[in-house]
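First comes the structure, then the notes that go with it.
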Amino acid sequence: MNDFLENKSLQQIIPGILLAGLVLLGFIVLREFLLTLTWSFIITYVTWPPYRWLRHRLSGNATLSAAIMTAILAAHIILAAYWLVDLLNDELQVAYQSLTVNFNQQGYQLPNSIRQLPWLGDYLQEAIDRLIDNRAGVTTQFADWAKQRLGEVAKFLGGIGQYVLKLGVILVTVFFCFRDGQEAIKQLHQGLIHFLGKYLAVYLQAAGNTTRAVVYGLVLAALGQGLMSGIGYAIAGVQAPVLFGLITALLALVPMGATLVWMPIGITLIMTDHLWPGVSLLLWGFLVISTVDNVIRPIVISGASRMPFLVVMFGVLGGLSAFGVVGLFLGPVILSVLLAVWKAWLEQQEMKNH
């Protein structure tokens, strides 16, 4: 009898050990691709409604629908990256030419509004004059600095190939997620329900609702920053405020991206003898535009996911700190599932007490 029980126990333990070992080996194999896979799943989930609509229009042809959606996503990513690089290249060329002309020919005079500032204006102008008088020394220092940065530039250029490869892997993964996603989710549900029971649907719903809420929060916060920055540009007298507002909204999809637009514009206004418009724009950026990013986004996520504001705030900030940009999604999702687990445990305890 004891031998039978021992054999039965072994029959239950050994498959569990083998499964745990296989899961560990699978993690080791996929470890370098976890971030790529995470982005692929997020992109697929966010764009699933238009894919489902397209598949319906194509009479349920999953392969063709997945190929078209993946091609559309790839085109959007490539065109956006090309436009951004081209824009930055033009702006950097203009700034470099202006700086070198001022430095090499007639020197550089700070705007009157800055030179007239008590103590600070004279100090800054004297510092610039010393640099211009010592062109040879500055050139040597710049050459040394440039040599130190050459390695970093080479490393970055070498990394472009890796980024392109990762993008290719993401797009291939997205294609198969579109095509086979429903069947994969069905199998995952069948496997997890044995471990999580009736609460599996609750956990999946929490993760899905939070992911959707994060997307809404990102988009609405970006639009809000674009609108507020456009108003600030118009008040400050910046040419083409609508265009710069659109650029700000686009870059605002990335954490601190909007700052890369309104801050240089404000500094440029100050350096071109438009002191108060520049200062006003910088204050508007710090007090209003940044508030939209840091406050409105968590409020939107909190409302859409029905999570406490404080939990969402820590989820966003902690996720960014722990996982980078993808942490914008992972942080709130992890905490939302944790909250769902906590509520399920409380429900079980309440049922036991009754």
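Filtering I170, I185, I193 for residues that are farther than 27 Å from L19 by Cβ and either at pLDDT 60 or above or among the hydroxyl-bearing types (S, T, Y) (or both) leaves a single hit, I170. For residues that are buried (at least 21 other Cβ atoms within 10 Å of the Cβ) and touching a residue at least 40 places away in the same chain (Cβ under 8 Å), scanning just region 227-246, find the one that is nearest to W276 (Cα to Cα). Selected residue: A236.
Just one residue in the set M351, M313, M256 is within 24 Å of L227 (Cα to Cα) and exposed (fewer than 14 other Cβ atoms within 10 Å of the Cβ); that residue is M256.
Taken over region 287-308, residues that are in a helix (DSSP H, G or I) and over 20 Å from the mean Cα position of the chain (by Cα) amount to 3. Restricting A213, A221 to those that are buried (at least 18 other Cβ atoms within 10 Å of the Cβ), in contact with a Ser or Thr (Cβ under 7 Å, 6 or more places away or on another chain), at pLDDT 80 or above and within 25 Å of L338 (Cβ to Cβ) reduces the list to A213.
The values are calculated or read from the model by the stated rules, or taken from the named source; none is laboratory data. Bear in mind the structure is a predicted one, so any value in this text is a computation, not a measurement. Virtual Cβ from ideal backbone geometry, glycine too; neighbours counted across all protein chains shown.
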